[in-house]
Every structure is written in C-alpha cells, then in structure tokens.
Amino acid sequence: MVGETYIYSYGFWDIFQYFGYFFVLIAALASLIVSANVKLTFRKWSKYPTRPGLTGAESARLVLQANGVSGVRIAPCSGELTDHFDPRDNTVYLSETVFDKATAAAVGVAAHEAGHAVQHAQAYGPIKLRQAIIPATNIGSRLSTPLIIAGLVFPAVYPLALIGVFLFGLCVVFQLVTLPVEFNASRRAVQCLSSNGILAGDELKGAKKTLTAAALTYVAALSVALLQFLRLLAIVSGGRRRR
Ligand SMILES: [Zn+2]
C-alpha cells in the first residue's frame with residue numbers, strides 16, 4: 001500500500017515534471033523505429049516493378065493531369081526519401097530511387113508528392129495554414145529554450161519562461177496541422193493511382209504500405225513534440241509552484 005500511496009500523491013503535472021524526460025525519450029525511440037521502418041518498407045516495395053511500367057515522374061505527371069493541375073515542374077533530386085513538393089518554385093522533387101524507377105514504392109511516393117502539388121493548386125485549407133505558420137514556428141523553435149532557461153534562472157523575468165513554452169507550443173500546432181496535409185496527400189495519391197489504373201493488386205497494396213509507413217513518422221513526430229511541450233509546461237509551472 002505504501003507504493004500506491006506514493007503514486008497517488010503525485011498529480012498529472014508532477015508526473016510530467018519528474019518523469020516527462022522518460023516519456024519524451026520513449027517517443028523519440030519509437031520515432032527512430034518508425035523512420036527505420038519507412039526505409040525498410042520503401043526498399044521492400046522498390047523490388048516490385050509496376051505492370052504498366054510507369055516511372056515515378058510519369059505517375060506524378062498523370063496525378064497532376066487527372067486533377068487538372070498544370071504548370072508544376074517535376075525534377076530529380078539527390079538522396080534517398082528526400083522527395084518533396086516545393087511551393088516556392090512549384091516543383092515536385094523526386095529522389096534517385098523514385099524519379100525514373102517503375103516500382104510500386106516509387107510510384108506511391110511520386111503520387112503522394114504530386115498530391116501536395118494538387119493541394120496547393122486547389123488551396124486545400126490545412127496546407128495553407130501549415131505554410132502560414134512556418135515563419136512563426138521557426139522563430140518559436142529558436143527562442144523557446146533560451147526564454148525558458150532565462151525565466152527559470154531569473155525569477156524576476158519568470159513570464160519569459162511561459163512565453164518560451166507557448167512558443168514551443170507552435171511546434172506542436174505545426175506537427176498537428178501536418179497530419180491532415182500528409183494523410184490527405186496519400187489518400188489523393190492512392191485514389192488517383194487506383195481509379196486511373198496506374199497501379200492495381202499487390203502493386204497498389206505496396207504503394208499504400210509505403211505511404212502508411214511514411215505517415216506514421218508524422219504521428220511519431222507529433223507525439224515527441226506534444227510530450228516535450230507537456231514536460232516543459234510541467235517544469236515551468238513547477239518552478240512557479242516551488243516559489
Ligand atoms: Zn508528404
């Protein structure tokens with residue numbers, strides 16, 4: 001009974017103040033495993049050639065055409081899993097193992113990135129919101145730690161610590177808004193690949209599995225950010241309680 005009394009004497013914030021580090025660490029480890037799984041899944045389905053023989057770049061072009069989107073460039077980029085859509089130059093960048101490869105994984109990733117270009121062209125709400133909060137998120141991630149430290153070390157400027165936690169909260173909001181953007185791009189990709197006969201059967205299954213593995217990395221990133229936010233809030237509010 002001593003143990004139980006000990007546990008129940010702690011509140012939610014106390015637990016996060018003292019054990020938050022472990023929660024963040026566990027989420028960070030899970031995040032590493034999820035990232036490794038993306039690479040394994042991508043490599044596995046990179047061995048499955050697509051029957052129509054369309055490459056990643058050709059599939060991305062078809063997804064854009066099927067959605068009535070024009071004026072988007074498709075260009076190669078170096079590295080593995082570095083594929084992305086850049087709204088600044090309206091270009092879908094596809095990596096070496098995607099651009100000119102006709103595999104289930106390549107086509108899935110290429111269609112997903114084209115999905116982001118379609119989101120931009122159609123002014124999809126969450127991607128607009130995500131773009132809008134990027135500058136604030138960048139400032140927030142740089143300033144939050146120095147402000148929290150200053151506020152905790154110097155009690156006279158304690159509100160700075162709260163501002164620091166609030167700024168870190170912007171990173172959580174960013175990760176949260178990223179989820180619908182990523183899930184929607186994958187949904188658009190799979191629907192388009194399936195309805196236009198670009199992929200079917202096992203190939204479509206492989207593309208879906210690759211995209212689901214990638215989506216999990218965003219869920220893991222949100223978990224890490226949210227737990228870190230709760231930990232910082234617990235530390236900062238704990239600092240106040242002690243005074
Ligand atoms: Zn994406």
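Please treat every number below as a calculation from the coordinates, not as lab data. Just so you know, these numbers come straight off a predicted model, no measurement behind them. Here the Cβ is made from the backbone with ideal geometry for all residues, glycine too, and neighbour counts use every protein chain on show.
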Check your understanding: Which angle between 0 and 90 degrees, to the nearest 10, do you get for helix 12-45 versus the longest principal axis of the chain when only C-alpha atoms count?
Key -> 10
Revision key, fill the gap. Dividing the mean separation of Cα pairs under 8 Å (6+ apart) by the residue count of the stretch 65-202 yields a relative contact order in percent of 21
Revision key, fill the gap. The lysines whose Cα lies under 18 Å from the Cα of LYS47, excluding any fewer than 8 residues away in the same chain, are LYS39, LYS101, LYS205, LYS208, LYS209
Review point. Given a Förster radius of 30 Å and the C-beta distance between GLN191 and SER78 as r, what FRET efficiency does 1/(1 + (r/R0)^6) yield to the nearest 0.05?
Key: 0.50
Review point. Once the Cβ-Cβ distance between TYR18 and THR212 is put in as r, and R0 is 30 Å, what FRET efficiency do you end up with, to the nearest 0.05?
Key: 0.25
Study note, to complete from the structure: With the dipole of the chain defined by +1 on each Lys or Arg Cβ and -1 on each Asp or Glu Cβ, the option from ALA75, ILE198, SER144 whose Cα lies farthest towards the positive pole is SER144
Point to revise | Calculated on alpha-carbon atoms, Rg and Dmax of the stretch 6-82 in Å | key: 22.4, 64
Review point. What do you get when you divide the Cα radius of gyration of the stretch 38-135 by 2.2 N^0.38 Å, with N the number of residues?
Key: 1.07
**Study point:** Computed over the stretch 183-241, Kirkwood Rh from alpha-carbon pairs, angstrom
**Key:** 14.0
Point to revise | Contour excess over end-to-end distance, with Cα ends at SER237 and TYR158 and 0.36 nm allotted per residue | key: 27.4 nm
Study note, to complete from the structure: So for R0 = 25 Å, FRET eff. of LEU25-ARG142 from the Cβ-Cβ r, to 0.05, ends up at 0.60
